[in-house]
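The values are calculated or read from the model by the stated rules, or taken from the named source; none is laboratory data. Given the structure is predicted, the values throughout are model-derived calculations rather than measurements. No Cβ is skipped: glycine too gets one built from the backbone with ideal geometry, and neighbour counts run over all protein chains shown. In case anyone asks, the SASA skips ligands and DNA or RNA and just uses the protein heavy atoms, side chains included. Shrake-Rupley method; radii C 1.70, N 1.55, O 1.52, S 1.80 Å.
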Amino acid sequence: MQWRHWGCVAMLCLGLGAASTSVSAAGPALAPDMVQALESLQQRMQDNASEGAIDDAKAAAGRLQGGNRADRWARALFLQLAATGEARQGRDAEAADLFRQARRSDAVDTDSRQRWLNQEARLRLRAGQTAQGAELLGDWIERHGDDADSLWLMVQAQATQEQWSQAAQWVDRARRAGGMDADRRRLAASVYQHAERYDAALSLLDDQLQSESDDPQAWRRAAALAQRMQQPGLAAALWEAGWRRGALAGEDDLERLIRLHLAGGTPARAAEHLETAFEAGTLPRDSEHRRLLAEAWTSARAHDKALSAWRALAEDTQGGEDWRQLGELAYGWGEWSTAIEALRQAREQGADAARTWLLEGVSQLESSDEEAAREAFEAARDAGASQAEAWLASLGEGNVDKAPDIDSSPNEVTPQAPSDN
């Protein structure tokens, strides 16, 4: 995970231009020529931070190593200047090492040591030395309290290491400190989600939707999170809201909206979107989408619309399974004439003869055509339907109530036949 991918580059700003070398506010008194050398080098570093200036700072620090306390203080200041130059050249690890040397001098005052600790920590994070940088930053935070920028940087460090539980705890602390912007809200929501604190993540995403209602990624993240929380209805509602606002648009988002409604228990809404899309030409009226429409109306138990949709599909594809589906649905809903027609078409297209004859026999019987029913049951018996003999026997005895029920389990989307038919 790259630091810049979190959108938190501003957190890493070291403020190196403001990290001036103070030779009078802290540390032992320095000779005038040493002060002049430091100030001159500092000016060169602010103007350019050239390789020559960096090398001069390192050389001066080397000459002062092992000297008295004032020399050691001056050495630390030269190391700080060299670190500043290395950081401006993009050599973050080298800069961090120089800050480490500077802060470890026994001549350095506490404030300077802590300031350089903070800068080293941030540089190590930026250099990809995440574990070390996080440890140093944590030490600095514990000494200086809840600085919002540092806390959010710590969140990012823990997330980079995929230490999600610890990262979530740092998010809690960072949120109390304030400084929540859009990037940090996204970071916090991602951390909560990975830590499986879904309610907290969804709450943050809801806040984001209120402030960034035109951002399609915000709606997608919220819907995806609702799915992970096993709330498909909420996912569909969120996607619908994003669609209505115009944040989500286009064929792919519409397809997703339709399928979310099907999964979320609102199939009628899915069907309405499909019909609107057909009329507008947004989605092709092909067999895939026609079948989706038929399944949606079936799930919604909208009898007339479902039968009409299956008929349109079957007439288009002339597929045995599509005709069978229409016949099974019509049979289950007591639409006997439609069932008879569709079952015959299904059989002609290769559907299971035994079952289709058997269902047609019952449909003919319910339509009061006993002769046609007998012929259908005989055909079902010849095709191998085990229940056909019982139906024929019931006809011969004039007591259809004793006939067996037909197992409707082979058809997953067909409702059971009503008991009063």
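Remark: residue 361 falls outside the filter, which requires a residue to be assigned to a helix (DSSP H, G or I) and modelled with pLDDT under 90.
Of the residues that make up the stretch 140-158, is at least one among the small types (Gly, Ala, Ser), surrounded by 15 or more Cβ atoms within 10 Å (Cβ to Cβ), under 19 Å from the mean Cα position of the chain (by Cα) and closer than 29 Å to residue 128 by Cβ?
no
Within the option set 319, 332, being out of contact with any helix residue (DSSP H, G or I) (no Cβ under 6 Å at 6 or more places or on another chain), touching a residue at least 60 places away in the same chain (Cβ under 8 Å) and open to solvent by less than 70 Å² (accessible area, probe 1.4 Å) holds for one residue only, 332.
I'd like to know if the stretch 127-135 contains one or more residues that are under 20 Å from residue 93 (Cβ atoms) and of a type in the set (D, E, K, R). So that I can check it myself, show each step before the final result.
Narrowing the stretch 127-135 to residues under 20 Å from residue 93 (Cβ atoms): 127-135.
After this cut, where a residue has to be of a type in the set (D, E, K, R) as well, the list is 135.
Looking for residues that are under 20 Å from residue 93 (Cβ atoms) and of a type in the set (D, E, K, R), one finds at least one in the stretch 127-135, hence yes.
When the stretch 220-234 is filtered for residues that are open to solvent by less than 20 Å² (accessible area, probe 1.4 Å) and at pLDDT 90 or above, only 223 remains.
A single entry from 277, 247 fulfils the requirement of being in contact (Cβ under 8 Å) with a residue 24 or more places away in the chain and of a type in the set (A, V, I, L, M, F, W, C): 247. Of all residues assigned to the stretch 162-176, at least one qualifies as being among the charged types (D, E, K, R), assigned to a helix (DSSP H, G or I) and open to solvent by less than 60 Å² (accessible area, probe 1.4 Å).
Of the residues making up the stretch 127-139, those that are assigned to a helix (DSSP H, G or I) and either open to solvent by 30 Å² or more (accessible area, probe 1.4 Å) or at pLDDT below 90 (or both) are 131, 132, 135, 139. Inspection of the stretch 213-232 identifies at least one residue that is more than 30 Å from residue 317 (Cα to Cα) and touching a Lys or Arg at 6+ places or on another chain (Cβ under 6 Å). When residues in the stretch 1-29 are screened for being open to solvent by 40 Å² or more (accessible area, probe 1.4 Å), outside any loop (DSSP other than H, G, I, E, B) and either at pLDDT 85 or above or under 22 Å from residue 114 (Cβ atoms) (or both), 3 of them pass.
Rundown of residues vs (1) farther than 22 Å from residue 96 by Cβ; (2) touching a residue at least 24 places away in the same chain (Cβ under 8 Å); (3) surrounded by 13 or more Cβ atoms within 10 Å (Cβ to Cβ); (4) more than 49 Å from the chain's Cα centre (by Cα), yes/no style:
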position: 31; (1), (2), (3), (4): yes, yes, no, yes
position: 36; (1), (2), (3), (4): yes, no, no, yes
position: 51; (1), (2), (3), (4): no, yes, no, no
position: 54; (1), (2), (3), (4): no, yes, yes, no
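Name the single residue, out of those in the stretch 367-415 being part of a helix (DSSP H, G or I) and in contact with a Pro (Cβ under 9 Å, 6 or more places away or on another chain), that is modelled with the lowest pLDDT. Going through the qualifying residues, I end up with 394. The condition of being under 30 Å from residue 227 (Cβ atoms) and either in contact with a helix residue (DSSP H, G or I) (Cβ under 6 Å, 6 or more places away or on another chain) or not in a helix (DSSP H, G or I) (or both) does not hold for residue 107.
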